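> Here's a structure for you.
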Amino acid sequence: MNSLESMLSGVTTVAIGGHVRPDGDCVGSCLGLYNYIRDNFQEIQVTVYLEQPSKVFSFMQGADHICSGDEEDVVYDLFFALDCGDKERLGKFVKYFDAARHTVCIDHHISNVGFADENYIKGELSSTCEFLCEFMENQKISVETAKCLYTGIAHDTGVFQYSNTTSKTLNTAGMLIDKGFDFSRIIDETFYQKTYKQKQITGRALLESIMVLDGKVIFSAVRAKDMEFYGVTPQDLDGIVSQLRTTEGVEVAIFLYELSPQVYKVSMRSKQCVNVSEIAGFFGGGGHIRAAGCTMQGSMYDVINNLTEHIEKQLLTEN
Ligand code: 5GP
Ligand code: MN
């Protein structure tokens, strides 16, 4: 494994990109690396390209410097793709990846086949932020970098709850909180706190949820007109699938929202035995064993039928 020191040697311009609809781990890893480079490699010019993140992440240093618009073409010496399971998920910023002189991918998605010149993929790690710490020297991590990386780890582990949490995850998070910041506030304000309209749409999704396969699967869907009614965007729907997952007896939770007529964004979570990454992969998406997603076409019922068929097969081979 190359260190950041060696990856950055002889490099003067760096771009960092993550996945579309960036989550806590994606924003945290991109800004964590951005701050680390700015603090320790001052001669390097670094730019972060990401879709506009949720405003809950605006406390991170550098968040106000993220380029989200239609920017001009630039050829960078080095492009880092972080927390991005496949090249398409870089979205419109893929042009910087394609043009860059050298590309590095650092990721923890089990479905990632490695699309860069240099690939570091560890599906067993909780988060890209945990992985990034392996490339950094602890004493060179500033408190602002630590806040970004800690947020990513906390988000991708469901606040250190999911089975992807290991003693190494906790030790890494411990090293980061030793830098000294209000981690309790970060968790509260970025993970648990929701706006009133988010609470309303969550309530609506839970109310209209349906249990199938003997209560092993729960699903719910939000239509574009519901999103319009409550005045919410896709970002506001984060967390609904986790609420569905904690229903007693459920093995798989499925949450859909309508991207356009007959096109649904699918989020899946499983508890113990179903590999949702494999199912999402079958439908052109990907993710992790216990958390994955894809985009599917058809009516809401077509989508659910197609997914439950795969889930049922896995449940049958399990028993
Ligand atoms: P979420 O359900 O929170 O959107 O995503 C769960 C996990 O699956 C995340 O790690 C996310 O990066 C991944 N994921 C979600 N949708 C897709 C997709 O369409 N393609 C791929 N490759 N990964 C996805
Ligand atoms: Mn992640």
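> Counting only residues that are without any contact (Cβ under 8 Å) to a residue 60 or more places away in the chain and surrounded by 16 or more Cβ atoms within 10 Å (Cβ to Cβ), how many does region 248-270 have?
Total meeting the criteria: 15.
> Oh, and also: For Gly152, work out the one condition from (1) in contact (Cβ under 8 Å) with a residue 24 or more places away in the chain; (2) away from ligand 2 (no atom under 16 Å from the Cβ); (3) of a type in the set (Gly, Ala, Ser); (4) part of a helix (DSSP H, G or I) it doesn't fulfil.
The one condition Gly152 does not meet is (2).
> Please find, within region 18-27, the residue that is farthest from Phe41 (Cα to Cα) out of those that are touching a Gly at 6+ places or on another chain (Cβ under 8 Å) and more than 9 Å from ligand 2 (Cβ to nearest atom).
Val20
> Sort out which residues of region 104-141 are charged (D, E, K, R) and either within 11 Å of ligand 2 (Cβ to nearest atom) or assigned to a strand (DSSP E or B) (or both), and write them in order of number.
Hits for region 104-141 are Asp107, Glu118, Glu130.
> While we're on this one: Show the residue pairs that are 6+ apart or on different chains and have beta-carbon atoms under 9 Å apart, the first residue being within region 302-316 and without any contact (Cβ under 8 Å) to a residue 24 or more places away in the chain, the second being surrounded by 18 or more Cβ atoms within 10 Å (Cβ to Cβ).
Asp302/Met296; Asn306/Phe283; Asn306/Met296
> Scanning region 175-232 for residues that are assigned to a helix (DSSP H, G or I) and among the small types (Gly, Ala, Ser), which turns out nearest to Glu251 (Cα to Cα)?
So, considering only residues that are assigned to a helix (DSSP H, G or I) and among the small types (Gly, Ala, Ser), the one nearest to Glu251 (Cα to Cα) is Ala205.
> Also: Tell me which of these Glu5 doesn't satisfy, since it passes every other one: (1) at pLDDT below 95; (2) on the phi > 0 side of the Ramachandran plot.
Among (1) at pLDDT below 95; (2) on the phi > 0 side of the Ramachandran plot, Glu5 violates only (2).
> What single numbered condition from (1) touching a residue at least 12 places away in the same chain (Cβ under 8 Å); (2) in a helix (DSSP H, G or I); (3) closer than 28 Å to Val276 by Cβ; (4) more than 16 Å from ligand 1 (Cβ to nearest atom) fails to hold for Phe93?
The one condition Phe93 does not meet is (4).
> Let me ask something else. Scanning for something charged (D, E, K, R) and in a loop (DSSP other than H, G, I, E, B), does region 160-170 turn up at least one residue?
No.
> Looking only at region 260-285, which residues are more than 9 Å from ligand 1 (Cβ to nearest atom) and over 21 Å from Ser163 (Cβ atoms)?
Listed by number, the residues that qualify are Ser260, Pro261, Gln262, Val263, Tyr264, Phe282.
The values are calculated or read from the model by the stated rules, or taken from the named source; none is laboratory data. Since the structure is predicted, the reported quantities are computational estimates derived from the model, not experimental observations. Reconstructed Cβ throughout: ideal geometry from the backbone, glycine too, with neighbour counts over all protein chains shown.
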